[in-house]
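Below: one structure, written as C-alpha cells.
The numbers here are math on the coordinates, done by the rules we state, and not lab data. Quick caveat: nothing in here was measured; it's all calculated off a predicted structure. All Cβ positions, even for glycine, are placed from backbone atoms using ideal geometry, and neighbour counts span all protein chains on display.
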Amino acid sequence: MELYEAINSRRTVRDFENEPIVAEYLGTFQKLIERMTAKDIIEGTLTKWLSQADENDPVKCGFPKCKKHDAYICVHGCQVCTD
Ligand SMILES: [Zn+2]
C-alpha cells in the first residue's frame, strides 16, 4: 500500500521543526486507514469529488510532487515550501 509506506517513510524524517506534531497526526491517520474497510467506501463519492475539482487541481494532473521536497503538491502548492 503506497500511502501506508509514505506515512512510515515520513515518520523517519527528523528535519522538521514540528516533527512531533506531524508524527502524531500521521499516526492518527495511519490508525484510520488500518480501520477502514470496504463498508466505509461510499459509492459515487470519488466521481462527485473529481467532477468538482478544477482542471488545474493536482488530482487531475497526476498528483505532481515538489522537486525539492518530494512531497505531493496540493491546490496551494507544496506544503513544505510554504511552511
Ligand atoms: Zn517543496
Legend entry - Interchain or long-range residues, amide H under 5 Å from Ala71's placed H: Cys66
Inset, instruction - Hand me the chymotrypsin sites (Phe, Trp or Tyr not before Pro) from segment 13-83 located in a DSSP loop with no more than 13 other Cβ atoms within 10 Å, in residue order please. - result: Phe16
Legend entry - Under 17 Å from Lys60, Cα to Cα: lysines that are on another chain or at least 8 residues apart: Lys48
